Amino acid sequence: MELKEFAAARRTVTTRSGPVAYTEFGEGPAALFVHGAGTNGGLWRHVVEAVRDERRCLAVDLPLHGGTPARPGQDLTLGGLAQVVEDFCDAAGLDRVDLVANDTGGGVAQVLVARRPDLARTLTLTNCDTRDDIPPAAFVPTIELAAAGAISATASALLADLDLVRASGLGAGYEHPDKVADETFRAYLEPVLGTPEAARQFERLLLSLGPADLVAADPALRRLTTPTLVVWGTGDVFFDVRWAHWLRDTIPGVTEVVEVDGARLFFPEERPDDLVPHLRRHWAAHA
């Protein structure tokens, strides 16, 4: 699916956490897709296109990303973001979902199901934050830039030269960043870097992402029996495949770990055919 078509379907619902943007396609049991820091719901567009014939697919935009604003002082920790997703589910009338997550969204999803195990019919985690790996070592330099205010100081330069983005930062999440269209990078980065205030908020979000909420969720995750599929790209510079095995050994509900050879963080966008068949099988087995 073209990003323009996906974005044109974006709508907004009012929640207890404020307005939340999302994109919806298809009919059937609800599947909720959660992205990570620096992207938005458009990350899932190709996966959604493939499964919209069997699921009501909702891809949410986290605060500051896509079409969802961030309120001044809003809690942007994993716990705060999980509350936004929970409030979105309540506002959208979603009482059971097949929850699918990537990157920071995977940490958000773990916190959410630890709090509300009744909400997820199934859980699918792709490369993402885990209890002992937030922020991941390869992302620490970006956190240091955020702490120094250097991201907001260079935001306009980044948006003006997307080859800088391809060479580092967001581009590192792709196996082939040279093949990612400029419009994709712009769609992801303009909401978080397009104004000085947005860039400062993005720095605050990055500095809010720590292990505390996943540590607090750990006891509940170790009791979680929700059928859980883990699909992990082995070429990711941020989240090593050993964290997929850590999730398997931590969450009793994990039914399978699938390793996607050479794939990087954003493989659900770049290589959707390496996720979709496993999703379908997982959903069918636990309908």
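The values are calculated or read from the model by the stated rules, or taken from the named source; none is laboratory data. Only a predicted model underlies this, so the values are computations on that prediction, with no experimental measurement involved. FYI the Cβ positions are ideal-geometry reconstructions off the backbone, even for glycines, and counts take in every protein chain you see.
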Checklist entry - Residue check: is GLU24 closer than 24 Å to LEU214 by Cα, modelled with pLDDT of 95 or more and surrounded by fewer than 24 Cβ atoms within 10 Å (Cβ to Cβ)? => result no
Checklist outcome for this item: Checked ALA138, ALA147 against criteria (surrounded by 12 or more Cβ atoms within 10 Å (Cβ to Cβ) and touching a Phe, Trp or Tyr at 6+ places or on another chain (Cβ under 7 Å)); the one match is ALA138
Checklist entry - of a type in the set (Ser, Thr, Tyr) and free of Cβ contacts under 8 Å to residues at least 40 places away in the same chain - does that describe any residue in region 158-169? => result yes
Next on the checklist: Pairs please, first residue from region 270-285 and farther than 22 Å from GLY253 by Cα and touching a residue at least 12 places away in the same chain (Cβ under 8 Å), second anywhere and crowded, with 19+ Cβ neighbours inside 10 Å and among the small types (Gly, Ala, Ser), Cβ atoms under 6 Å, 6+ apart in sequence or on different chains.
Outcome noted: ARG271/ALA263
Item to check | strands (runs of 3 or more DSSP E) (entirely within region 1-110) containing at least 1 residues that are in contact with a strand residue (DSSP E or B) (Cβ under 8 Å, 6 or more places away or on another chain) and without any contact (Cβ under 8 Å) to a residue 24 or more places away in the chain | outcome: 10-15
Item to check | Among the residues listed as LEU58, LEU64, the single one being touching a Pro at 6+ places or on another chain (Cβ under 7 Å), under 19 Å from ALA7 (Cβ atoms), at pLDDT 95 or above and not charged (D, E, K, R) | outcome: LEU64
Item to check | Meets criteria (part of a helix (DSSP H, G or I), in contact (Cβ under 8 Å) with a residue 24 or more places away in the chain and basic (Lys, Arg)) for ARG248 | outcome: no
Next on the checklist: Among the residues that make up region 183-190, is at least one of them assigned to a loop (DSSP other than H, G, I, E, B), surrounded by fewer than 21 Cβ atoms within 10 Å (Cβ to Cβ) and not basic (Lys, Arg)?
Outcome noted: no
Checklist entry - Restricting attention to region 191-217, and to residues there that are β-branched (Val, Ile, Thr) and part of a helix (DSSP H, G or I), which single residue is nearest to ASP129 (Cα to Cα)? => result VAL215
Next on the checklist: Tell me yes or no: at least one residue of region 68-77 is surrounded by fewer than 18 Cβ atoms within 10 Å (Cβ to Cβ) and basic (Lys, Arg).
Outcome noted: yes
Item to check | Residue list for region 218-233, filter: of a type in the set (A, V, I, L, M) and either surrounded by fewer than 23 Cβ atoms within 10 Å (Cβ to Cβ) or farther than 19 Å from GLY36 by Cα (or both) | outcome: ALA220, LEU221, LEU224
Item to check | Hey, THR184 at negative phi, in contact (Cβ under 8 Å) with a residue 24 or more places away in the chain, of a type outside the set (A, V, I, L, M, F, W, C) and touching a His at 6+ places or on another chain (Cβ under 6 Å) or not | outcome: no
